Amino acid sequence: IYQDPHVENPRFKLHYGDLTDSLNITKIIQMCKPDEIYNLGAMSHVKVSFDIPEYVGQVDALGTLRILEAVRLLGFEKKTKIYQASTSELYGGMSENKNKKGFYDENSSFYPRSPYGVAKIYAYWITKNYREAYEMFACNGILFNHESPRRGETFVTKKIVSGLCKIAKSGNGKLYLGNLYSKRDWGHAEDYVEAMWKMLQQQKPSDYVIATGKQYSVKYFIKLVCKELGLKLSWKGKGLNEKAYLNKKNIISIDKRYFRPTEVDTLLGDYTKAKKILKWTPK
Ligand code: GDP
């Protein structure tokens with residue numbers, strides 16, 4: 001169990017909160033009178049969003065509105081700065097909206113491919129709208145995938161690392177995965193949190209892409225983890241029958257349960273604006 005160091009800090013206070021409950025959100029903001037709000041609250045799993053789309057709309061889309069509207073109603077619009085966790089899922093991996101270099105940047109158009117992406121696009125626009133309509137200091141950070149040891153077990157990086165570590169340690173176990181060929185621009189969560197904070201320290205609010213500018217496939221990620229663990233895999237078969245073997249034992253298979261009804265095949269971000277204005281680069 002991860003022990004959060006802030007729990008020991010008397011200046012750190014937790015409040016019960018729920019993004020689907022306007023009164024509760026308004027009350028917390030009224031009590032805390034915050035200088036900065038970072039809205040990282042969301043149902044953030046793309047595949048799960050296909051199972052509970054209405055809930056995702058309530059939390060990820062309208063939850064953002066509830067925060068913005070609470071700040072406005074309380075008259076805090078000149079005091080409270082707001083960071084909205086936008087996402088590379090807004091781009092949907094479509095090829096026609098990439099920039100000349102083949103990347104997504106702040107000027108690329110959106111084409112979300114999941115209820116998660118669609119809810120987040122509402123949150124993106126309502127943040128921008130409140131900025132323009134009420135001159136609020138509100139920023140969208142369009143963050144590409146960011147990982148850490150605290151990443152949820154059902155996200156692909158953590159699932160692969162945990163699964164292969166168990167297999168390496170015990171010699172037993174098997175991993176079932178979905179699309180091995182989708183490509184992601186994976187960064188480190190610690191770097192990305194620093195970028196969020198930097199956005200709120202600027203003179204003017206704006207929207208920023210935060211990415212590494214490099215992408216790898218899920219299969220390549222498996223290769224890197226195996227290299228780290230000293231596992232020698234061999235691959236056989238194609239499509240749903242593709243399998244990986246370790247000492248002739250099948251340790252990775254494909255399960256169509258992990259495919260999304262509509263997939264984002266490729267994500268690659270151009271963080272030129274963040275580099276120039278925020279002086280941010282991924283470490
Ligand atoms: P996402 O980019 O926000 O959807 O983050 P994920 O870590 O959930 O997925 C990254 C990519 O890995 C997506 O293109 C998935 O389709 C792909 N993928 C392949 N197998 C799996 C799996 O077993 N679980 C998850 N979560 N993703 C998988």
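The values are calculated or read from the model by the stated rules, or taken from the named source; none is laboratory data. Bear in mind that the values here come from a model prediction, so they are computed numbers and not experimental data. So basically every Cβ, Gly included, is an ideal-geometry build from the backbone, and we count neighbours across all protein chains shown.
Residue count for segment 182-198 satisfying the condition of being aliphatic (A, V, I, L, M), within 16 Å of the ligand (Cβ to nearest atom) and either under 18 Å from Asp105 (Cβ atoms) or touching a helix residue (DSSP H, G or I) at 6+ places or on another chain (Cβ under 7 Å) (or both): 0.
Of all residues in segment 158-173 being more than 13 Å from the ligand (Cβ to nearest atom), without any contact (Cβ under 8 Å) to a residue 40 or more places away in the chain and not in a loop (DSSP other than H, G, I, E, B), which is farthest from the chain's Cα centre (by Cα)? So the residue we want is Ser170. Check off (1) polar (S, T, N, Q); (2) out of contact with any strand residue (DSSP E or B) (no Cβ under 6 Å at 6 or more places or on another chain); (3) closer than 20 Å to Tyr55 by Cα for Ser86 and give me the number that stays unchecked. Unmet for Ser86, out of (1) polar (S, T, N, Q); (2) out of contact with any strand residue (DSSP E or B) (no Cβ under 6 Å at 6 or more places or on another chain); (3) closer than 20 Å to Tyr55 by Cα: (2).
Specify the residue that is surrounded by the most Cβ atoms within 10 Å (Cβ to Cβ); the eligible residues are those in segment 245-283 that are on the phi < 0 side of the Ramachandran plot, assigned to a loop (DSSP other than H, G, I, E, B) and more than 15 Å from the ligand (Cβ to nearest atom). Step through it out loud before you land on a result.
Of all residues in segment 245-283, those on the phi < 0 side of the Ramachandran plot come to 245-246, 249-278, 280-283.
Going one step further and asking which of them are assigned to a loop (DSSP other than H, G, I, E, B), we end up with 255, 259-265, 267-268, 270-271, 280-283.
Restricting the remaining residues to those that are more than 15 Å from the ligand (Cβ to nearest atom) gives 270-271, 280-283.
On the way: Asp270: 22, Tyr271: 25, Trp280: 20, Thr281: 12, Pro282: 21, Lys283: 8.
Among those that are on the phi < 0 side of the Ramachandran plot, assigned to a loop (DSSP other than H, G, I, E, B) and more than 15 Å from the ligand (Cβ to nearest atom), it is Tyr271.
Sub-6 Å Cβ pairs linking a first residue in segment 263-280 that is over 30 Å from Phe50 (Cβ atoms) to a second residue that is outside any loop (DSSP other than H, G, I, E, B) and among the hydroxyl-bearing types (Ser, Thr, Tyr), at least 6 apart or interchain, are Lys273/Tyr208; Ala274/Tyr208, ordered by first then second residue. If you go through segment 214-228 and pick out every residue that is under 10 Å from Leu164 (Cβ atoms) and free of Cβ contacts under 8 Å to residues at least 24 places away in the same chain, you end up with 1. Against the numbered list (1) surrounded by 13 or more Cβ atoms within 10 Å (Cβ to Cβ); (2) free of Cβ contacts under 8 Å to residues at least 40 places away in the same chain, Gln201 comes up short only at (1). Looking only at residues of segment 116-157 that are polar (S, T, N, Q) and closer than 12 Å to Leu68 by Cα, we find that the one that is nearest to the ligand (Cβ to nearest atom) is Thr127.
Looking at the structure I just gave you, is Ala189 surrounded by fewer than 16 Cβ atoms within 10 Å (Cβ to Cβ) and modelled with pLDDT of 95 or more?
Numbers: surrounded by fewer than 16 Cβ atoms within 10 Å (Cβ to Cβ): yes; modelled with pLDDT of 95 or more: yes.
Yes: the conditions hold for Ala189.
Every condition in (1) buried (at least 21 other Cβ atoms within 10 Å of the Cβ); (2) more than 16 Å from the ligand (Cβ to nearest atom); (3) small (Gly, Ala, Ser) holds for Ser108 except the one numbered (1). Hey, among the residues in segment 231-244 that are small (Gly, Ala, Ser) and assigned to a strand (DSSP E or B), which one's farthest from the chain's Cα centre (by Cα)? By that ranking, first place goes to Ser234. Starting from residues that are away from the ligand (no atom under 16 Å from the Cβ), among the hydrophobic types (A, V, I, L, M, F, W, C) and assigned to a helix (DSSP H, G or I), keep the ones in segment 29-46 and report whichever is nearest to Glu89 (Cα to Cα). Checked segment 29-46; the qualifying residue nearest to Glu89 (Cα to Cα) is Ile29. For segment 230-244, the count of residues that are surrounded by 17 or more Cβ atoms within 10 Å (Cβ to Cβ), within 30 Å of Lys78 (Cα to Cα) and within 16 Å of the ligand (Cβ to nearest atom) is zero.
Counted as qualifying within segment 47-147 are the helices (runs of 4 or more DSSP H) with 2 or more residues that are more than 24 Å from Cys32 (Cα to Cα), namely 53-56, 115-134.
Checked against the criterion of being more than 18 Å from Tyr116 (Cβ to Cβ) and away from the ligand (no atom under 16 Å from the Cβ), segment 47-64 contains not a single residue that satisfies it.
The listed residues are Gly102, Gly152, Gly178, and the only one of them that is closer than 30 Å to Tyr245 by Cβ and out of contact with any Asp or Glu (no Cβ under 8 Å at 6 or more places or on another chain) turns out to be Gly152.
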